[in-house]
1. Out of all the residues in region 129-138, is one or more under 17 Å from the mean Cα position of the chain (by Cα), at pLDDT 85 or above and farther than 30 Å from residue 19 by Cα?
2. Please work out if residue 18 is within 16 Å of residue 130 (Cβ to Cβ) and at pLDDT below 95.
3. May I ask you to list the residues in region 1-34 that are without any contact (Cβ under 8 Å) to a residue 12 or more places away in the chain and over 20 Å from residue 81 (Cα atoms)?
4. Report, by residue number, each residue of region 6-28 that is in contact with a helix residue (DSSP H, G or I) (Cβ under 6 Å, 6 or more places away or on another chain) and surrounded by fewer than 16 Cβ atoms within 10 Å (Cβ to Cβ).
5. Looking at region 15-28, which of the residues that are touching a strand residue (DSSP E or B) at 6+ places or on another chain (Cβ under 6 Å) and assigned to a loop (DSSP other than H, G, I, E, B) is nearest to residue 69 (Cα to Cα)?
């Protein structure tokens, strides 16, 4: 399950992706449009800014804008940034690999074999679906082979 923070981050990026190019959105506008608590949104936008996804402008016409185009920001990138590793098991993480403490060997672990497929398919969808795809109603379609 993704965290509420990640869900809010994706919704905030969607709001920014819908905005006119070069037109910043104020935190209060994003919070109202996406039903996100304003204080929590401030923290999320700061995280997104520190990681190069959004920028801010000061002043009367200020607010937040996407720093990267919506078609270059993937769901996987945002989830990894906000929630950390995407893998369901620590031994499957690409960014924070850790051997499972109770494992006798990864090559013989039936649980790992099943969840490796889950992790691969999940990453394929998340890292091929952009904010723009979601806004356009075209999330990535990945063909999953039937193995019956």
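The values are calculated or read from the model by the stated rules, or taken from the named source; none is laboratory data. Just so it is clear, the structure is predicted and the values come from calculations on it, not from any experiment. Positions of Cβ are backbone-derived with ideal geometry, glycine not excepted, and every protein chain shown enters the neighbour counts.
1. No, the conditions are met nowhere in region 129-138.
2. Here the answer is yes, as residue 18 does meet what is asked.
3. Selection gives 20, 21, 28, 31, 32.
4. If the condition is that a residue be in contact with a helix residue (DSSP H, G or I) (Cβ under 6 Å, 6 or more places away or on another chain) and surrounded by fewer than 16 Cβ atoms within 10 Å (Cβ to Cβ), then no residue fits.
5. Taking the candidates together, the pick is 19.
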